[in-house]
Every structure is written in structure tokens, then in C-alpha cells.
1. To the nearest 20 Debye, how big is the dipole of region 39-100 about its Cα centre, given +1 on the beta carbon of each Lys and Arg and -1 on that of each Asp and Glu?
2. Amide H of ILE35: which non-local residues (sequence gap of 5 or more, or other chain) have their own amide H closer than 5 Å, using H built in the peptide plane?
3. In the P(r) worked out for the chain, what percent of Cα pairs fall beyond 24 Å?
4. Pull out the extension gain between VAL108 and SER36, defined as 0.36 nm times the separation in residues minus the alpha carbon to alpha carbon distance; nm, one decimal.
5. Any chance you could check the Cα centroid distance between region 62-133 and region 28-47 for me, in angstrom?
6. In nm, to one decimal, how far is the modelled label at SER75 from the one at GLU57, with both set 7 Å along Cα→Cβ?
7. How big is D, in µm² s⁻¹, for region 59-110 by Stokes-Einstein at 10 °C and 1.306 mPa s if Rh is the Kirkwood radius over C-alpha pairs?
Amino acid sequence: MLAVDTNIIVRLAVTDDPEQTGIVRHLFAHSEIWISKTVLLETEWVLRYKYANTAREIHGFFIKLLGLPNVACESNEQIAKALAWYKAGMDLADALHLASSSLAARFVTFDKDCGKKAARLKTKPRVRIAVAD
């Protein structure tokens, strides 16, 4: 199994360098691939900010990518939950933080937008906005 870096996944998504795209396609055609949560998160950031992809486009790409039979990712259930929340409008970083905190009673943040989206989506753990006592 090969663990891949963000630039490998990005190259597969954007295919803007024919030589590197060919190498990546060969890797994916002939290898078992491992993708960490951090690589997935960084890939979303690069696709959104460097390549101006929409959340919908990125979500669709991730679903196809993670659906490949030779691709495995860290914490499948957490990733699936985070991607569902991402599709519903939550920031992917926030969604991954929440999905990765499933054993906690609450997720505490100053991010009110995260709190509103989490409340709307009824995430577990619930989000609590930090305030002075």
C-alpha cells in the first residue's frame, strides 16, 4: 500500500500537468492507495483556494476518489460523516474536527458559524460556543 501526499491527489483532480497526471494515474491503476485525513483536508484547501473549485465539485471528487476499490482512507466512518456535513454546508476542517471528536460530550469553539451549522445539522458532539463564566 502506498500513502500519498496532497500533491498526488490534487494532480489527479486537476490534470494540469500531463507528465505528473500520467504518473498518478499509473499509481492509482497499479497500487493500493492510503489517504490520511490531513491529506484530504489539505487537498480540499488547495482545490478551493488555488484552483477555485466549489465545495460541490470537491465533494463529488472526494466521493469518487474514496469510492475506488483500491483506495482506503484513515477513519472511514469519520471521513464519511465529515463529508456529509461538508456537503450540507459545513467547512471541511470543522466537519473533520467534529467527526474526529465523537467520544467527546461537547466541542468547544469561538467559531459561531461552526456552532450554527453544527446545530442545524445536529452533529454529535454538539458544539458549544466558548464564553466567559
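Throughout, read-outs are computed from the coordinates displayed, never taken from laboratory work. These figures come from a predicted structure and were not determined experimentally. For neighbour counting, all protein chains shown are included, and Cβ atoms are generated from backbone atoms with ideal geometry for every residue, glycine included.
1. The dipole magnitude comes to about 220 debye.
2. The list, which skips near neighbours in sequence, is ALA72, CYS73, GLU74.
3. Numbers: 2917 of 8778 pairs.
Roughly 33 percent, once rounded to a whole number.
4. Length difference between fully extended and current span is 23.5 nm.
5. If you average the Cα positions of each part, the centres end up 18 Å apart.
6. In this crude label model, SER75 to GLU57 measures out at 2.8 nm.
7. The Stokes-Einstein estimate is 135 µm²/s.
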